[in-house]
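The values are calculated or read from the model by the stated rules, or taken from the named source; none is laboratory data. Source: prediction; values computed, not measured. Backbone-built Cβ (ideal geometry, glycine too); neighbour counts: all protein chains shown. SASA here: full protein model, heavy atoms, side chains in, ligands and nucleic acids out. Shrake-Rupley method; radii C 1.70, N 1.55, O 1.52, S 1.80 Å.
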Amino acid sequence: MTYDFDTPVDRRGTWCVQWDGITDRFPVADLLPFTISDMDFRSPPQVLDALESRIAHGVFGYTDWRNDDFRGAIRDWFRDRHATEVDVDRLVYAPSVLNQIAQLLRMWTAPGDGVVAHAPTYDGLRKAVTGLGRELRTVGLDDWAGLEREMARPDSRALFLCSPHNPTGHVWTDTELRRIAELARAHDVAVVSDEIHADLTHDGHTHLPWSRYGGHDGRDGRDGAGLRWALVTSGTKSFNFPALSGSYGFVGDPDDHAEFVRRMDTAEGLASPAVLSLTAHIAAYRHGGDWLDGLRAYTYGNLRMLEERLDAAFPELRWRVPEAGYLAWVDLRPLGIREDTELQRVLVEEEKVAVMPGGTYGAPGFVRLNLGCPRSKAETGADALVRAVRKVADRAAG
Ligand SMILES: Cc1ncc(COP(=O)(O)O)c(C=O)c1O
């Protein structure tokens, strides 16, 4: 089946952050947005059909996420898409991935403890860690010595692994993941692997779920031989329904798993999931694979288009399509652009586009352009970016 990703859907007036909430992050409202990571596409028709049927039922009472339809859809998705057997007895549910991360950090770290993460860093993680009063300790993606140094600090109690990595799109290899697992074991650091971008890898790159590295019988999680870990994810990114809310994960250690569920059921008051999210996840995982493949190919086409335009305008950037996702992370430093202010001014005032400044992720001199959108919009954004960069680079040079 072919799907139409070309025809724009007008999202304005839906209270959406991407279009209607531009002034949350930018000084003016009338900008074409390439910002927060959701897409301008409708969810797959198979998901919309399932939601319509569920809505037609009309009763939305308290619901149990520990049901065989949800568990089975997740188990089969991991088996078919990621060639990985997951233990659904270790499944957890939470309203969002960030909520899960926050719960895990509360469980595994104390205020003042260090949480290690790679730089550049997904801004949601930064907010969660600092908002919880923990200290974010970042190291470059290739800085293995720095990673060991930070993980070895006695009060570094958790590693946040963004897998695949937002914003660079890096897909971690088996060798890298083994190395991270060894470090985590050696320094007794809990691993929180955020795999929300896992389904969006591009051909030639294989996502490897963390459950393969932490071990799925986490019983040895506390005796030094094993690892304390959680894999947190959801289908909301892949199938574009984040505001239906809902996420799930696996917690390796059985006691940690029980404790997580206990907290959600008691102190957090979050025993019942959003039923429409469950419905959407099950439909997406059972019937949405074909749509997802179409989406990956389409967004890859958007990224290739950007690659061609950047290559034509600035060959010295040698910018390449990321290994995963629809976010283009572009290093402009080879053009003499080392801070965000002037480029942002030109993008906003002269080009009328909203593009995320690298500083949001701790990396001034970069930009993050969201190309989860129809080709026509992606082209407009690519051209605006090229023009703005040209102006600012020329000024920097001259
Ligand atoms: C790496 C990563 N984790 C988590 C999230 C947010 O997920 P949720 O809305 O379920 O908290 C995002 C959204 O951009 C993300 O990129």
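Per-residue 3J(HN,Hα) values for the stretch 360-365, derived from phi via the Karplus relation 6.51 cos²θ - 1.76 cosθ + 1.60 with θ = phi - 60°, read 4, 10, x, 9, x, x Hz in sequence order (x marks Gly and Pro).
For Val191, the residues whose amide H sits under 5 Å from its own are Leu159, Arg228, Trp229, Ala230, ignoring neighbours fewer than 5 places away on the same chain, with H placed 1.01 Å from N.
In this structure, Ala312 and Arg106 have a Cβ-Cβ separation that, at R0 = 56 Å, corresponds to a calculated FRET efficiency of about 0.70.
Spin-label model, Val28/Arg387: points 7 Å from Cα along the beta carbon direction are separated by 1.3 nm. When the Cα gyration tensor is reduced to axis lengths a ≥ b ≥ c, the ratio a/c is 1.5 or higher for the chain, and with a/b not above b/c it is classed as oblate. Applying 0.36 nm per residue to the separation of Leu48 and Met305 and subtracting their alpha-carbon distance, the gain on full extension is 89.6 nm. Each peptide in 319-330, 41-52 was scored by the mean count of other Cβ atoms within 10 Å over its residues; highest first, the order is 319-330, 41-52.
Hey, got the dipole for the stretch 199-325? About the Cα centre, +1 on K and R Cβ, -1 on D and E Cβ, debye to the nearest 20?
Numbers: 13 positive and 18 negative charges, 38 e Å.
Roughly 180 debye, rounded to the nearest 20.
Run the accessible area of the chain with a 1.4 Å probe and give the carbon-and-sulfur part as a rounded percent. Reported share for carbon and sulfur atoms: 50 percent. Once both labels are positioned 7 Å from their Cα atoms along Cα-to-Cβ, the gap between Ala145 and Thr130 label points is 2.9 nm. Which residues does a label at Asp331 reach in the stretch 344-383, if reach means a backbone N under 14 Å from a point 7 Å past the Cα toward the Cβ? Counting only backbone N, you get 363-367. Rank Gly325, Thr341, Pro357 by how far each Cα sits towards the positive end of the charge dipole of the stretch 316-372 (+1 on Lys, Arg Cβ; -1 on Asp, Glu Cβ) and give me just the farthest. Final value for the positive-end residue is Gly325. Rolling a 1.4 Å probe over the heavy atoms of the protein chains gives the chain an accessible area of 41 Å² per residue. Here the gap between Asp6 and Phe60, fully extended at 0.36 nm per residue and compared with their Cα-Cα distance, gives a gain of 16.0 nm. Stretching Ala397 away from Thr341 to a fully extended chain increases their span by 18.5 nm, per 0.36 nm per residue minus the current alpha-carbon distance. Distance between the modelled labels on Ser376 and Asp174, one decimal in nanometres: 4.6 nm (7 Å Cα→Cβ projection).
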